[in-house]
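Only one structure is covered here, and it is reproduced in the block below.
Each reported figure results from applying straightforward, stated rules to the coordinates on display, with no laboratory input. Note that this is a predicted model, so its numbers are computed, not measured. Cβ placement follows ideal geometry from the backbone for every residue including glycine, while neighbour counts extend to all protein chains displayed.
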Amino acid sequence: MTVKIRAGWDDKSINCTEVAKPLEDCGGSMVTLHGRTRVQACQGFADWEPCRSNQKERLDPVSGSGDILKPKRRLRRFDETGCDVVHMAAAPSPTHTSSVRPGRR
């Protein structure tokens, strides 16, 4: 099972790490974390710090999502966060929707 969650409800309740833990404990194989809150919806910028923090806490792979509009930016997000997978938004073609960290299976 894979699950996609947001960073939290709003900027005062960033709770993705607490939400992801029970998902992992129940057999979830990967969590995708969108760096925006529910209140933000599609406005503003994604905060990738929760992705980095969540990656440190998880045994299972973590994928990140938010503001990846160009293929080169995904490489920077791999380096900044340690995420195993990075998803692109509004990808230029179906072959560019996500990338797995080099060396990760």
Cut-off is 10 Å between beta-carbons; in what order do HIS34, HIS87 appear when sorted fewest neighbours first? HIS87, HIS34
Straight distance only, please: which aspartates and glutamates reach the Cα of LYS12 with their own Cα at less than 20 Å, same-chain residues fewer than 8 apart left out? ASP47, GLU49
ASP10 to ASP60: extension gain in nm, 0.36 nm per residue of separation minus the Cα-Cα distance? 15.5 nm
Neighbour-count ranking [beta-carbon atoms within 10 angstrom, fewest first] of MET88, MET1, MET30: MET1, MET30, MET88
Taking 75-84, 40-49 and ranking on average Cβ neighbours within 10 Å, highest first, one gets 75-84, 40-49
